[in-house]
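Scroll down for the structure; my scribbles are underneath it.
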4 protein chains.
Amino acid sequence: MVFKEGDLVILVDPKGSYFLQRLTPGKRFHTHKGYIDHDQIIGAPAGTVVKSSLGREFLVFYPSTKDYTLNMPRKSGIIYPKDVAIILVWADIFPGARVLCGGVGSGALLIAILRQVGPTGRVVAYDVREDMLAWAEQNVKNFLGELSGLELKLGDIYEPIPEKDFDRVLLDVPEPWRALDTVEAALLPGGIFSAYVPSIVQVDQLIKAMEERESFALIESLEVLVRHWQVEGKSVRPYHRMVGHTGFLVFARKVVRSSEENC
Amino acid sequence: MVFKEGDLVILVDPKGSYFLQRLTPGKRFHTHKGYIDHDQIIGAPAGTVVKSSLGREFLVFYPSTKDYTLNMPRKSGIIYPKDVAIILVWADIFPGARVLCGGVGSGALLIAILRQVGPTGRVVAYDVREDMLAWAEQNVKNFLGELSGLELKLGDIYEPIPEKDFDRVLLDVPEPWRALDTVEAALLPGGIFSAYVPSIVQVDQLIKAMEERESFALIESLEVLVRHWQVEGKSVRPYHRMVGHTGFLVFARKVVRSSEENC
Amino acid sequence: MVFKEGDLVILVDPKGSYFLQRLTPGKRFHTHKGYIDHDQIIGAPAGTVVKSSLGREFLVFYPSTKDYTLNMPRKSGIIYPKDVAIILVWADIFPGARVLCGGVGSGALLIAILRQVGPTGRVVAYDVREDMLAWAEQNVKNFLGELSGLELKLGDIYEPIPEKDFDRVLLDVPEPWRALDTVEAALLPGGIFSAYVPSIVQVDQLIKAMEERESFALIESLEVLVRHWQVEGKSVRPYHRMVGHTGFLVFARKVVRSSEENC
Amino acid sequence: MVFKEGDLVILVDPKGSYFLQRLTPGKRFHTHKGYIDHDQIIGAPAGTVVKSSLGREFLVFYPSTKDYTLNMPRKSGIIYPKDVAIILVWADIFPGARVLCGGVGSGALLIAILRQVGPTGRVVAYDVREDMLAWAEQNVKNFLGELSGLELKLGDIYEPIPEKDFDRVLLDVPEPWRALDTVEAALLPGGIFSAYVPSIVQVDQLIKAMEERESFALIESLEVLVRHWQVEGKSVRPYHRMVGHTGFLVFARKVVRSSEENC
């Protein structure tokens, strides 16, 4: 497999900085460490080393979802790959799933979900800001190309919406407790709800609002820490600096407590 | 959507214990908290509450991948969902990917990968123990049903194998550095390698062996911590006990340093 | 240095369990792993191995403050050594300091403070429960012997108390914000205030109450995690289980904002 | 209590930067945020607010040991207060203790120990570098004034030294396993040994060297994490960045296994 015109690639410089590029014949990529002609990359194996005009080595790869979302243009904070990863597994996003999202951010979670639900899945994402929707759409398109399974809608997830029968509802909004009516209405019995919440006070408020309802079970709240290790010669130790916090994650299942079932 | 005969479901008792059951008309599930007839569940909404003969409430759901792997029969330790989640994202397992696995364990990682690569993907998994392969196969089948994209092979990943052109190679073996020839041969340029490693001494040994080769780039080692929070009344705090360690994760990209490319 | 009659010692059995004993000639210490006569210990070096009647080896030491507080009789939870350690340093408990404590618990923090302030220091500790005061006093006496620098008082730290001119005020009470008038009145300018707080909601409430006042500066809140490592043969890794949470710590300095000073 | 001439004080600017100053009549402290005359501070309460010439508020306090060591001039990395705190408690540094130190660094641990052992204690500290000894001595003197209980010695702790009968031995040297003969010879039975070790590979090597000897028991290795919380309005969460690693700590007790004891 070789790189070809139109591919989205990632270049990694000798210091570990990442740069996204869409391969275009004749185009030149300029950095402080010299320039690289896209034509040096087109036709090379899809995982290679190219030299800049100043003789510095750049790695070139197809970006992973993580590479892409960490390096795509952002208009807001993103949900970090560590949190995306846990959401995908804890909320059990599966091929073919119908997923409702409240709050699109820059599209990082959206991209991961779209990839996971695959061509048979369906994702409906709401946001109150038109510019954020456009931005997220651009980021999604740039990485995944088409958008057949995705519907982006301008609207307020705190208010009633027509969507029903979703397998999963994922929120990244400031006051997720205000969306609980919507969540309840949109989610199938047994469906999984997930919220990304920056502050523990909001977690508290959300969980207490959920507990006042009959329809949520197996409520779980957690945070994810990834600790990178430096392994260089005799120095084998965690890095001195780490990300201490991004957000808290809340999960729950929708349950139907129909008194008729057990008569 | 309602539960039907033949479905695999999970029952959660009032203390939070999980029980897997295959719904069978006429079958009765016995616990210390009374029995439940499968016929109470068949026909109920797919996310419901049933009462045992002693009047205790059990939640009934379709198991998520996480629910299933944490509760399936095990013959060995499993790779925990938190680590599976990070592997899926860091190793960028994508729909249609060809993935080579060394070491099957009880099948937890296998199940997650199979679900992610989908019907167009291909997974080849090696193990030196026939009983482990059979066990893993049983666990996979029980959850995912068919196995079209999966090939389980008895063999030693430390030795040469015929597999080539894989997008991803994932190892869960005691001495992953001994498999590096295999990894190099099986992986496409730009492909991602991942190893699950219990001890930091092995991480050190693996990374040093990788650095002696020219073919690995962007080597990264990390550990994942998930911290659960208790949110009950005024008590909002992390749980007193947590999982302090499961394993370390190592990731890298295969790179081709062909001097011809850049002439 | 050898063990002598009347010494408080700690015995550690082959499984790592700790047992406090006051050495008494003729006394016999019984365990599931056989008995040990105190006379075996009296006269032995102050850090030795003795064999039980069943031939099992027990280590014998003088207990450290940590050994003692973790193994003394308790009537309530204790502040763990990791948190005591950080309080001692962050609250800067120094030889000769005058320290006011609200809430005595089982005396763990009290013992550490008394040892640190030394013979020239003074510690006044309040509690609303007479039984807790008696219990703490017993635990302190048993380890440190005399009590010259300590005054235990039955009373409510939420209410006005006569104490003034303290260098440090340390609280371990359910609603520390209710004690802020007392803290302000008792603390010297530049003095350090510390509170041990189990729940983050209380931390929030305490800090907000402090910020409404003019008299607290450099407010800091934190939690302390100690992660133990297993180093056995090739297994070099954190233990699988760890303490995920004990309590949060809040610190601040008292400051006088007298407009007159800077005219 | 008021500030007086000759006092060492700490000024904290509106952004939280710390500045050590020795109060001198007529002296002026210059910052980007205006100047402050020492005479504004002399005579003010020992915990106050002064205004710079540009009207910015500076807090003024007597530095705690932590404030001082984090802000004193350094020639090398320091052992951070969190690790100092745990060493003081785990190694049970007590008033009157005789403590042997190998490696002085910039004096941070030395200062904490000297304060803890008090006027009846004794600290002997070795270092192979004369400049480090002079630097550490200067830092100690500047904070604690006199040095009656401290003896700084130029010498190699890996080689035999005359010191005997120490209660505690604390190492901060690159290859602590090379000092084990010295540690054994210097430590009393029951004495506590502690080492500060940056890399886990060294921890492994140290512990394995200790286990080959008969004289160490209750060997423990750990790391300390302090996580600060931001509590501002609705934002109640850990800070986004944290210190992920400083060093590992190893502790053990010296034990005498005299066969004669138990005959």
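The values are calculated or read from the model by the stated rules, or taken from the named source; none is laboratory data. In this text the structure is predicted, and so the values were computed from the model without any measurement. Ideal geometry is used to build each Cβ from the backbone, glycine not excepted, and the neighbour counts take in all protein chains shown. SASA here: full protein model, heavy atoms, side chains in, ligands and nucleic acids out. Shrake-Rupley method; radii C 1.70, N 1.55, O 1.52, S 1.80 Å.
Points worth noting:
- Cα-based equivalent ellipsoid of chain D: semi-axis lengths in Å, sorted from largest, via gyration tensor: 40, 22, 15
- Projecting 7 Å from Cα along the Cα-to-Cβ direction, the label point of residue A:37 sits 7.1, 8.0, 9.5 nm from its equivalents in the other copies, listed shortest first.
- 10 Å Cβ neighbours from other chains, averaged over peptide B:93-106: 1
- Legend: mean number of C-beta atoms from other chains within 10 angstrom of residue C-beta atoms, peptide A:188-200, equals 5.
- Interface area, D with C, accessible, probe 1.4 Å, both sides summed, Å² nearest 100: 5500
- For the stretch A:67-262, with +1 on Lys and Arg beta carbons and -1 on Asp and Glu, the positive-most of A:161, A:195, A:245 along the dipole: A:245
- Candidates C:34, C:77, C:233, ranked by Gaussian network fluctuation over chain C, Cα under 10 Å, top entry: C:233
- Under the convention that each Lys and Arg Cβ holds +1 and each Asp and Glu Cβ holds -1, the size of the dipole of the stretch B:147-263 around its Cα centre is about 780 debye.
- Residue B:256 accessible area, 1.4 Å probe, all protein chains in place, Å² to nearest 10: 40
- Projecting the alpha carbon convex hull of the protein assembly as shown along each direction and taking the average yields 47.7 nm².
- Sorting the segments B:138-150, D:123-135 by their residues' average number of neighbouring beta-carbon atoms within 10 angstrom, most packed first, yields D:123-135, B:138-150.
- Whole-Hz ³J(HN,Hα) from phi, Karplus 6.51 cos²θ - 1.76 cosθ + 1.60, for the stretch A:116-126, glycine and proline x: 6, 6, x, x, 8, x, 9, 10, 10, 10, 9
- Between residue B:71 and residue C:76, the distance separating the two model label sites (each 7 Å from Cα on the Cα→Cβ line) works out to 4.0 nm.
- Heavy-atom SASA rank of A:219, D:10 (probe 1.4 Å, accessible area, largest first): A:219, D:10
- In the stretch A:67-262, the DSSP beta bridges split such that about 45 percent are antiparallel, to the nearest 5.
- The aspartates and glutamates whose alpha-carbon is closer than 18 Å to the alpha-carbon of residue D:66, local same-chain residues fewer than 8 away aside, are C:83, C:92, C:167, C:220, C:223, D:7, D:13, D:83, D:137.
- Here is how far apart the residue C:219 label points are across copies: 2.7, 4.7, 4.8 nm, shortest first, using a point 7 Å from Cα toward Cβ.
- Only Cα pairs under 8 Å and 6+ residues apart enter the sum, and on that basis the relative contact order of chain C stands at 13 percent.
- With only Cα atoms counted, the stretch C:71-123 has Rg and Dmax values of 10.9, 29 Å.
- Efficiency of FRET between residue A:159 and residue C:209 - r from beta-carbon atoms, R0 51 angstrom, step 0.05: 0.90
- Cβ-vector label at 7 Å, residue C:5, separations to other copies in nm: 6.0, 8.5, 10.1
- Its Cα gyration tensor gives the stretch B:8-63 an equivalent ellipsoid, and the semi-axes of that ellipsoid, as √(5λ) in whole Å with the largest first, are 15, 13, 10.
- In the structure shown, the pairs B:82/D:234; C:82/D:234; B:4/B:234; A:15/D:153; B:33/D:234; C:4/D:82 are assessed against 31 Å; a Cα-Cα span above that value is assigned to B:4/B:234; A:15/D:153; B:33/D:234; C:4/D:82.
- Along the axis of the charge dipole computed for chain D (Cβ charges of +1 for Lys and Arg, -1 for Asp and Glu, origin at the Cα centre), the listed residues D:186, D:23, D:205 are led at the positive end by D:23.
- Net charge dipole size for the protein assembly as shown [Lys, Arg +1 and Asp, Glu -1 on Cβ; Debye, nearest 20]: 0
- Estimated distance in nm for a label pair at residue A:5 and residue D:39, the labels positioned 7 Å out from Cα along Cα-to-Cβ: 8.0
- Binned Cα-Cα distances of the stretch B:163-263, short to long, each 5 Å bin given as a whole percent: 2, 12, 20, 18, 13, 9, 7, 6, 5, 4, 2, 1, 0, 0
- Nearest to the axis that brings chain A onto chain C is this chain A residue, judged by its Cβ, with the distance in whole Å: A:200, 3.
- Simple label model, 7 Å out from Cα along Cβ direction - residue A:31 to residue D:146, nm: 6.2
- Fully extended contour minus Cα-Cα distance, from residue D:53 to residue D:138, at 0.36 nm per residue: 27.4 nm
- The magnitude of the dipole of the stretch C:67-262, with charges of +1 and -1 set on the Cβ of Lys/Arg and Asp/Glu and taken from the Cα centre, is near 860 debye.
- Structural descriptor for the stretch B:38-156: relative contact order 21 percent, calculated from alpha carbon pairs under 8 angstrom and at least 6 residues apart.
- Compared with the dominant principal axis of the Cα atoms in chain A, helix A:200-211 is inclined by about 40°.
- Here the sum of -39500 (n - 2.57) over DSSP H runs of 4 or more residues, divided by the residues of chain C, equals -7000 deg cm²/dmol at 222 nm, to the nearest 500.
- Taking all protein chains together, D:237, D:28 sort by accessible area into D:28, D:237, largest first [probe 1.4 Å].
- FRET efficiency for the pair residue B:185 and residue A:15, taken as 1/(1 + (r/R0)^6) with r the Cβ-Cβ distance and R0 = 30 Å, rounds to 0.45.
- The residue among A:60, A:140, A:128 whose Cα reaches farthest toward the positive pole of the charge dipole of chain A, with charges on the beta-carbon of Lys, Arg, Asp and Glu, is A:60.
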